[in-house]
Amino acid sequence: MNKMLAAITSAMVLSLAPGLVHATVPNASPETVAARKELMATIKTREMLTAVLAQLEQQMHREAEAGADAAIATIAARPDLTAEEKAEALEKAKAAVKTADADVHTAISDPTLIDYLIAEMGHAYYVNYTVEEMRQMTAFYASPVGQKVQRNAPFLIKQAVELSRWMVMSRLPGRLPEIEQAVPIEPVPAPR
């Protein structure tokens, strides 16, 4: 999995309000429910979300640590604070990261989260695809080529995101050398 998938899932997790659950779709025929369920199983939605949420938790931890490091540097550079005040502020920053990590872990490890996300994703399939289209997708993703598409998708997405980031950043005047050093583009080998 990669940062892009983590970002997508993060956006999903943070944007979905509990009152907006579409798990039960009015007027969904048993045939529709069965087709959606088979598609979700074929594309291994539960496994993918489990991996994405684990990546999301790691990414959010790294971001919290980076924020804490920036806060620590800012605190250390403040000449108006005494050594005691700096030590107190540093402890508060470290405690905030620990609390944020615990909160993220609690939210991500909630056993109902994946079920909720699967229900929401299932609703998206219901709204956007017919029963026949879901059956065709299931057949495709069950095929060897469909399995390869699933294996390679994270790598292709990561490469597209990295290239897009670099292209956008390269258009910021005067920042290209700094950007190239900070955001190197490295090819991501896709599994065969």
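Taking (1) in a helix (DSSP H, G or I); (2) surrounded by fewer than 11 Cβ atoms within 10 Å (Cβ to Cβ); (3) of a type outside the set (A, V, I, L, M) in turn, Pro79 satisfies each apart from (1). Of the residues making up the stretch 103-117, at least one is under 21 Å from Ser29 (Cα atoms), within 18 Å of the chain's Cα centre (by Cα) and among the acidic types (Asp, Glu).
Restricting attention to the stretch 52-101, the residues being of a type in the set (Lys, Arg) and farther than 30 Å from Leu113 by Cβ number 2. The residues listed here are Ala96, Ala89, Ala100; of these, the one that is within 20 Å of the chain's Cα centre (by Cα) and either at pLDDT below 90 or assigned to a loop (DSSP other than H, G, I, E, B) (or both) is Ala100. The set of residues in the stretch 121-130 being surrounded by fewer than 17 Cβ atoms within 10 Å (Cβ to Cβ) and either assigned to a helix (DSSP H, G or I) or modelled with pLDDT under 90 (or both) consists of Ala124, Val127, Asn128. Taken as a whole, the stretch 57-76 holds at least one residue that is outside the structural domain of Ile157 (by TED's automatic domain parsing), over 28 Å from Ala153 (Cα atoms), surrounded by 13 or more Cβ atoms within 10 Å (Cβ to Cβ) and in contact with a Lys or Arg (Cβ under 7 Å, 6 or more places away or on another chain). In the stretch 116-130, the condition of being aliphatic (A, V, I, L, M) and over 23 Å from Glu57 (Cβ atoms) is met by at least one residue.
The values are calculated or read from the model by the stated rules, or taken from the named source; none is laboratory data. Remember, predicted model here, so these are calculated numbers, not experimental data. Every residue, glycine among them, receives a Cβ derived from its backbone with ideal geometry; neighbour counts consider all protein chains shown.
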